[in-house]
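First comes the structure, then the notes that go with it.
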Amino acid sequence: LPQEFEQARPVMQQIEAAGFEAYFVGGSVRDTILNKPIHDVDIATSAYPEEIKQIFHRTVDTGIEHGTVMILDHGKGYETTTFRTESGYQDFRRPDEVTFVRSLQEDLQRRDFTINALAMKEDGTVIDLFNGLKDLKAGMIRAVGTPQERFHEDALRMMRAIRFASQLDFKIEKKTLAGIQENAALLSKIAVERTRVELEKLLLGENPANGISALIETNLYEYCPMLAHFKSGLTQLLALNDWHLSSETEVWSLLSYAFFLQGKQVTTFLKAWKTSNQVLEDTQAIVSAVSPLLEGEPSKLLLYHTGRERLASANKIANLFGGEIDTPELLEQYDQLPIKSKKQLAINGGQLMKQANLTPGPMIGTILTQLETAVVNGEMENKLESLLEEAKNIAKV
Ligand code: ATP
Ligand code: MG
C-alpha cells in the first residue's frame, strides 16, 4: 500500500471499530493499482456525518450536506464521505438530491467509470463490483451502467472520459464512446469552469493526442467554448511529436498558438474559457514570444520582457512547431542579461529629478524606459553616472 494509505489506516480502523464500514475509493484506488502516484485519499463510509463526528474529536465540516467530513489526525486531514445515492439530475449537471445510504454497492454504482468504482479495504483487499480491475488491465474507460443514462445525469462525465483517455492513455469502450457521440450537445449545460478543468487535465495528460482524437471523433469539441471554429487547429495538434506540457498556462499558450490567435484574439479565447487573469497575462507574453523564437534570433529585449519562466514555456512550444533553440542555452542567454527588471536599473525616477534636474511628469517614465532598453541591449553600462549623463542628453532633445 502507498504511504498515504498506510497513514490513513488507523482512521479507517477506528471507523470499523465503531461498527461501520470504511473504504478507500475513487482515483486513489485506481492510481494505486496502476502504480501511479496518488494525490488525494478519499474514504467512503457507511457512517453518517454525525456518526463520524462522534467517533472523532477533531473534524471539519468540509461538505457536510453532501456527506463529507474531514477527519484531522496527526496533522493530516482525511476526507470521508458517507455512502450516498444521487437522484434527480434535471439539468444534466448536478443531482437534485443526495441520499445517504448504508450500502457500498449503491455508492459505487453512482460513480462514473468502472475504473473509478473500485473500493479498497484498509488491509488492501479490493472490492470490484463492476469489473473495474479488468478494465484497468485492459486500459479501458467504461461507464458504470448505461452510458446514455449516465451522460444524461451528468454531462461533465463525457469530458471526464476523454480526460482520462489522455491522462491514463486508455481507450474509451465502444458503447461509452457512442454514448458521448450521441449526447455531446449536453456539454453546453455544464459550467465553463468545470469543462475547463477537464480540458486542462486532458492537455496535461500522458497521451494528449489520444484525448484530442476522442474530443474530435465524438464532436464534443463543438460544444466547448469557441472550439467549434478550430477543428483544423485541433487536428494539427495530433501531428506534433510526443509532447508534455507542465502548466495550465502552457495549455492555453499551445492552443492559442496552434489556432493562430494573436493579441486581442487570445484575450477573447481565454475569456470565453474563464481562465484567471494571471493565466491570460502569461499566455499573452508566451504567445508573442513563440514566433521570434521559431525564427531563431530572439532579441535581448524579447528575452527580458518575456521573463525566464515564460521564456522556457514559449521555447517549448516553438520547438514543438520546429524551432531549434535549445532551452538551457536560451535560459543561459537570459541569465546573462545585465538586468532582469526595471528595479535593477542603477537609476530611478527620484534620482532623475534630483540629480538631473528633471521636472516631474511623463518624460521621466519615457527616459527610464529608454535607459532600460539601452542597458538590456548592452549599449550602456548599468552605472548611475553614465545613466545620468545619458538622461540629460535625452532630456535636451
Ligand atoms: P483525479 O485523479 O483527477 O483526482 P478522480 O477519479 O479522483 O481523479 P475526482 O474528481 O477526484 O476524480 O473524483 C473522485 C471520484 O468520485 C471519482 O473517482 C469517481 O468515482 C467519483 N466521481 C467524480 N466525479 C464524478 C461524476 N461527475 N460522476 C460520477 N462520479 C464521479
Ligand atoms: Mg481525486
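Rule-based calculations on the coordinates, nothing more; no lab input. From a predicted model like this one, the values you see are computed outputs, not experimental measurements. Quick reminder, even Gly has a Cβ in these numbers, built from the backbone with ideal geometry, and neighbours come from all protein chains shown.
So the values come out like this:
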read-out: Sorted by Cβ neighbour density within 10 Å, fewest at the top, the residues 60, 279; value: 60, 279
read-out: Value of relative contact order over the chain, rounded to a whole percent, pairs C-alpha under 8 Å and six or more apart; value: 8
read-out: Given charges at beta-carbon only (K, R positive; D, E negative), |dipole| of the chain in Debye; value: 740
read-out: Within straight-line cross-link reach of residue 201, lysines at Cα separation under 17 Å, skipping those fewer than 8 residues along the same chain; value: 36, 171, 274
read-out: Order of 102, 142 under a 10 Å beta carbon neighbour criterion, fewest first; value: 102, 142
read-out: Per-residue ³J(HN,Hα) for region 265-273, Karplus 6.51 cos²θ - 1.76 cosθ + 1.60, θ = phi - 60°, Hz, x for Gly and Pro; value: 5, 4, 4, 4, 4, 5, 5, 4, 8
read-out: Entries in 134/189; 189/271; 137/316 that, when Cα-Cα distance is taken, lie over 24 Å; value: 134/189; 137/316
read-out: Percent breakdown of C-alpha pair distances by 5 Å bin, ordered from the shortest bin, for region 39-103; value: 4, 18, 25, 22, 15, 9, 4, 2, 0
read-out: Cut-off 10 Å between beta-carbons: net charge of the residues surrounding residue 2, Lys and Arg +1, Asp and Glu -1; value: -2
read-out: Sorted peptide list for 241-250, 22-31, 371-380, criterion being average Cβ within 10 angstrom, highest first; value: 22-31, 371-380, 241-250
read-out: Charge dipole of region 209-334 about the Cα centre (unit charges at C-beta), most positive-ward option of 214, 328, 268; value: 268
read-out: Ordering of 40-46, 295-301 by packing [mean C-beta count within 10 Å, highest first]; value: 40-46, 295-301
read-out: Region 114-174 versus region 231-287: alpha-carbon centroid distance in Å; value: 29
read-out: Which of 329, 79 has the fewest Cβ neighbours within 10 Å, and the rest in rising order; value: 329, 79
read-out: Potential lengthening between residue 276 and residue 105 on full extension [0.36 nm per residue; Cα-Cα distance subtracted]; value: 57.6 nm
read-out: Using alpha-carbon coordinates, inclination of helix 208-217 to the longest axis of the chain, degrees; value: 70
read-out: Those aspartates and glutamates that a straight Cα-Cα span of less than 12 Å connects to residue 264, excepting residues fewer than 8 apart in one chain; value: 281
read-out: Dipole-positive endmost among 349, 376, 388 within region 342-396 (Cβ charges, Cα centre); value: 349
read-out: Lysines with Cα under 21 Å of residue 342, excluding same-chain neighbours fewer than 8 positions away; value: 300, 354, 383, 392
read-out: Region 146-239 - percent relative contact order, Cα under 8 Å, separation 6 or more; value: 34
read-out: Packing-based ranking, highest mean first, of 382-395, 209-222 given that Cβ atoms within 10 Å are counted; value: 209-222, 382-395
read-out: Euclidean distance between Cα centres, region 69-110 to region 1-52, Å; value: 14
read-out: Charge dipole of the chain about the Cα centre (unit charges at C-beta), most positive-ward option of 159, 361, 104; value: 361
